[in-house]
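All of the numbers you see were taken from the coordinates with simple rules; none came from a lab. Predicted model, so just to flag it, every value in this text is computed and none were measured. Reconstructed Cβ throughout: ideal geometry from the backbone, glycine too, with neighbour counts over all protein chains shown.
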There are 2 protein chains.
Amino acid sequence: MIDKAKTVPVWHEILHIDKETGARAGLLHTPHGTFPTPMFMPVGTQATVKGMSPRELEEMGAGVILSNTYHLWMRPGSDLVAEAGGLHEFMRWNRGILTDSGGFQVFSLAKPKDIVEDGVHFRSHIDGSKQFLTPEKSISIQENLGADVIMAFDECIPYPADEAYAARSSARTTRWLERCIEAHGTTDTQALFGIVQGGMYPKLRRQSIAEITAFDLPGYGIGGLSVGEPAELFYEMVAETIPYLPADKPRYLMGVGTPDYMLEAVRFGVDMFDCVLPTRIGRNGSVLTKGGRLIVRDLKASRDFGPIEDDCQCYTCRNFSKAYIRHLLKADEMFGLRLTSYHNLYFLIDLMNKAREAIFEDRYSEFCLEFMDKWGDGRNRA
Amino acid sequence: MIDKAKTVPVWHEILHIDKETGARAGLLHTPHGTFPTPMFMPVGTQATVKGMSPRELEEMGAGVILSNTYHLWMRPGSDLVAEAGGLHEFMRWNRGILTDSGGFQVFSLAKPKDIVEDGVHFRSHIDGSKQFLTPEKSISIQENLGADVIMAFDECIPYPADEAYAARSSARTTRWLERCIEAHGTTDTQALFGIVQGGMYPKLRRQSIAEITAFDLPGYGIGGLSVGEPAELFYEMVAETIPYLPADKPRYLMGVGTPDYMLEAVRFGVDMFDCVLPTRIGRNGSVLTKGGRLIVRDLKASRDFGPIEDDCQCYTCRNFSKAYIRHLLKADEMFGLRLTSYHNLYFLIDLMNKAREAIFEDRYSEFCLEFMDKWGDGRNRA
């Protein structure tokens, strides 16, 4: 491990594998510290996790956070961030950072004809200016930003997509990965993860895995899942994908962040997750609880002076009542959104910590059953 | 002092008076702690200082915060707050709280014919429902809220107002004060402050002072200033008012919170201030600096990696650059508003702390000159 650290800035140390499932408990070592896995990564799109301060994120136990290459490229510009000393210094976050490639946003802004072999033509969502993103450009921006983990430029294949398109797109993602690796200079400080695609076709998924992992990268993302497909298909793809990834590398299931999906993916050996869900639903006045989502804003019981969850140790629950949070949300007070967002982020970070404990104790399946029994379908309730 | 504490829940201990001016350095003792004066009180209209957490307010050195009776009466209701254990418990603020009477908001919602001897008829700004606020009702609501200092129900006379109106209104404020005192039951835990009015007429001001202070209350507010009058008139009224107030009681200049006005009022012996300015301009992307207001949002120098103020010890300035804050504001990120609001609140709290030090050292005039030399006219600059 120590030898490996000399050449690979980020690596995953597996400490225990649950005896019954393939769930893994480990440590992700990065230039900005070592963090427990499985982990949930809060999303800080524009160099800030919406509503949170860096010290609040530290307090709630966040290890690695995710930031978005496309957004920072457009505003304030990656050269400005580089001049500030990199993203860690710019936003004053001294733990881990992972940046995506910008591909996800750029594909959503582009028309099919704008996607060419060299890259993707699109217009900025801010000023409408013409832009062009390529694998080389994505790596260059991510090197400017200076995250610990950077992601290869890929196409996140939408759902549904026919098999021919998925095959062509996945093959291009592999070719783009090769260009990313070629362009990547800061291999001693930034770990490049490749991304597996393949649509909803197990054969294409396995082919993509074979191609992507052939490059022996420090870690791998699983892309193109949780993009609108039915739950059964998601579960099938997880089961058909994860076992084919190299056992000794971190596995990052991109954009996934509902408790049920995360727990199922951990079962198959996924180590990392990210999702905007906790801050997004927090800003809409909803919170995650063991019994599913709760719309605090619409709570009928305005006189409920208990916390969101009795046994939750987060700053919100240790201090504030549902009645107070409901009042803040009804009065459109910023602090209400801070409190719901804080709780939701803590909920998912803590869920992964509890899953990790269960893995060490070889009772991961039991843990999932207990959790899902209370969670049910996770539907909103007020 | 100790004897007095037994019967008066809030009292002011003067530790030093500046030898040249009448500026006072002291301590305000309350059931929730003792706080240095002169003091700036952050405004927490709806049971939250906009954007801030209680622990951030503590960290920046806030002692007493102000909350608004009208707003809390309308939403969530003062009976709900009482059921939560009072405002301190509801919003988890363990230091001092002062509530206004609700008069200011109610008068702004009422037509002249709606103001009668018994009280003020108006319609709720939330649901348009008919409401009636009286001195007795204001005290009852404030007793439910449970602040350390509660304010008498008065009319804040608008500017301009003719002398006959100002005289009639001030006389009614005195009659209403008598009813407030009569209605006030929790005299052992909540200090009732009377409010001096009199418009912009020195004779009426002095008459109001004579009437209000005859009740020997634990403290006095000075109302109806900084309501749109020219600066010279404000300064004249401060000079014509403050010296007539009892020397041994705390003096609270209501709604004043620009550095120049605060420093001038401290010179004449004012001890307490409140204003929405720091959080309001913070939410508009402006910050207070020793050189006047700075519109961070419009900063041309997007690559200014220094703090808002080099020698400021606040959380914002100790950690974040103008370039980062500007980015957050341009990107409409909540954390930007948190950082500007934090700095602005700290700026005014710290200004009062520095004024206090200067008073102890008998160099208050010098301190004001030095400050105003840099502050200039305090105009916005970007």
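If both residues of a DSSP beta bridge must be in the protein assembly as shown, then about 45% of such bridges are antiparallel.
Figure the gain on full extension for residue B:108 and residue B:34 (residue separation times 0.36 nm, minus the Cα-Cα span) and round it to one decimal in nm.
Numbers: separation 74, 0.36 × 74 = 26.64 nm, distance 3.40 nm.
Full extension of this stretch gives 23.2 nm more.
Computed 3J(HN,Hα) for the range B:298-313, one whole-Hz value per residue from the Karplus formula 6.51 cos²θ - 1.76 cosθ + 1.60 where θ = phi - 60°, is 9, 3, 6, 7, 6, 9, 8, 8, x, x, 3, 9, 4, 9, 7, 9, glycine and proline marked x.
In this simple spin-label model, placing a label point 7 Å from the Cα along the Cα-to-Cβ direction at both residue A:189 and residue A:232 gives a separation of 5.1 nm.
Of all beta-carbon atoms in chain B, the one sitting closest to the axis that brings chain B onto chain A gives B:334, 3, with the distance in whole angstrom.
For the range B:329-382, the Cα-based Rg and Dmax, in that order, read 15.0, 47 Å.
Please give me the summed charge of the neighbours of residue B:156: other residues whose Cβ is under 15 Å from its Cβ, Lys and Arg +1, Asp and Glu -1. Write out the running numbers ahead of the final one.
Working: positive: B:168, B:172, B:205; negative: B:100, B:154, B:155, B:229, B:274.
That works out to -2.
Placing +1 on each Lys and Arg Cβ and -1 on each Asp and Glu Cβ, with no other charges, gives the range B:283-375 a dipole about its Cα centre of roughly 540 debye.
Normalised by the number of residues in the range B:283-375, the mean separation of alpha-carbon contacts (under 8 Å, six or more apart) gives a relative contact order of 30 percent.
In chain B, the longest principal axis of the Cα atoms and the axis of helix B:334-360 are about 70 degrees apart. Distance between the 7 Å Cα→Cβ label points at residue A:214 and residue B:369: 8.2 nm. A label point on residue B:114, set 7 Å along the Cα-to-Cβ line, lies at 5.2 nm from each of its counterparts in the other copies, closest listed first.
Taking a straight Cα-Cα cut-off under 30 Å and skipping sequence neighbours fewer than 8 places away in the same chain, the lysines within cross-link reach of residue B:322 are A:50, A:130, A:137, B:50, B:290, B:300, B:330, B:354, B:374. Database note for the protein assembly as shown: Cys without another Cys beta carbon under 4.7 angstrom, A:156, A:180, A:275, A:314, A:368, B:156, B:180, B:275, B:314, B:368.
Taking the Cα centre of each part, how many Å lie between the range B:110-165 and the range A:36-104? Cα centroid of the range B:110-165 versus Cα centroid of the range A:36-104: 49 Å apart. Look at the dipole of the range A:2-275 built from charges on Cβ: of A:196, A:77, A:52, the Cα furthest out on the positive end belongs to A:77.
Peptide B:317-330: average number of partner chain Cβ atoms within 10 Å per residue? Present the calculation step by step, with values, prior to reporting the outcome.
Details: counts 0, 1, 5, 5, 6, 0, 6, 10, 0, 1, 12, 5, 0, 4.
Taking all residues of B:317-330 together, the mean is 4.
Partner shielding of A:83-91 amounts to 3, given as the average count of beta-carbon atoms from other chains within 10 Å of each residue beta-carbon. The angle between the Cα long axis of helix A:135-145 and the longest principal axis of the Cα atoms of chain A comes to about 50 degrees, rounded to the nearest 10. For residue A:311, the point set 7 Å out from Cα toward Cβ sits 5.4 nm from its twins in the other copies, listed from shortest up.
Need one word for the protein assembly as shown: rounded, prolate or oblate. Basis is the Cα gyration tensor (sqrt eigenvalues a ≥ b ≥ c); a/c below 1.5 gives rounded, then a/b vs b/c decides.
Judged from the Cα gyration tensor, the protein assembly as shown comes out prolate (a/c at least 1.5, a/b above b/c).
Across the range B:2-275, Cα pairs under 8 Å and at least six residues apart give a relative contact order of 20 percent. By DSSP, the beta bridges lying fully in chain A are antiparallel in about 45 percent of cases. Can you tell me how the range B:2-275 classifies by the Cα gyration tensor, rounded, prolate or oblate, using a/c under 1.5 as the rounded cut? Note, shape of the range B:2-275 comes out rounded.
Longest segment of chain B with no trypsin sites (Lys or Arg not before Pro) in a DSSP loop having at most 10 other Cβ atoms within 10 Å? Numbers along the way, then the final one.
Working: sites that count: B:300, B:379.
With trypsin sites (Lys or Arg not before Pro) excluded where exposed in loops, chain B gives B:1-299 as its longest stretch.
Taking the fewest neighbouring Cβ atoms within 10 Å as the starting point, the ordered list for B:220, A:244, B:201 is A:244, B:201, B:220. Among residues other than residue B:174 with Cβ under 12 Å from its Cβ, the summed charge is 0 (Lys and Arg +1, Asp and Glu -1). What the Cα atoms of the range A:220-346 give is an Rg and a Dmax of 17.2, 53 Å. Taking the C-alpha atoms only, the angle from helix B:163-183 to the longest principal axis of chain B is near 80 degrees.
Can you show me the helix-derived [θ] at 222 nm for chain B, built from DSSP H runs with n ≥ 4 at -39,500 (n - 2.57) apiece and divided by the number of residues, rounded to the nearest 500.
Values: 16 runs with 160 residues, N = 382.
Estimated from H runs of four or more residues: -12500 deg cm²/dmol.
Dipole check for the protein assembly as shown: with +1 at the C-beta of Lys and Arg, -1 at the C-beta of Asp and Glu, and the Cα centre as origin, the magnitude is about 1240 Debye. Using +1 at the Cβ of each Lys and Arg and -1 at the Cβ of each Asp and Glu in chain B, identify which of B:171, B:315, B:305 lies farthest towards the dipole's positive end. Most positive-ward Cα: B:305. Remark: the residue B:13-residue B:178 segment gains 56.8 nm on full extension, using 0.36 nm per residue and subtracting the alpha carbon distance. Projecting 7 Å from Cα along the Cα-to-Cβ direction, the label point of residue A:14 sits 7.7 nm from its equivalents in the other copies, listed shortest first. For the range B:105-245, what class follows from the C-alpha gyration tensor (a ≥ b ≥ c being the square roots of its eigenvalues): rounded when a/c is under 1.5, otherwise prolate if a/b is larger than b/c, else oblate? Taking the square roots of the gyration eigenvalues as a ≥ b ≥ c, the range B:105-245 is oblate.
Only Lys, Arg, Asp and Glu carry charge here, each on its Cβ (+1 for the first two, -1 for the last two); on that basis the range A:2-275 has a dipole of about 280 debye about its Cα centre.
Report, as an integer, the average count of C-beta atoms from other chains found within 10 Å of each Cβ along B:42-51.
Working: counts 0, 0, 2, 2, 8, 6, 10, 2, 3, 6.
Counting other chains' Cβ atoms within 10 Å and averaging over B:42-51 gives 4.
Could you compute the net charge surrounding residue B:66? Neighbours are other residues with a C-beta less than 10 Å from the C-beta of residue B:66; K and R count +1, D and E count -1. Mind showing how you got there, number by number?
Values: positive: none; negative: B:100, B:274.
Surrounding charge for residue B:66 is -2.
Approximating the spin labels as points 7 Å out from Cα along Cα→Cβ, the residue B:140-to-residue A:280 distance works out to 4.8 nm.
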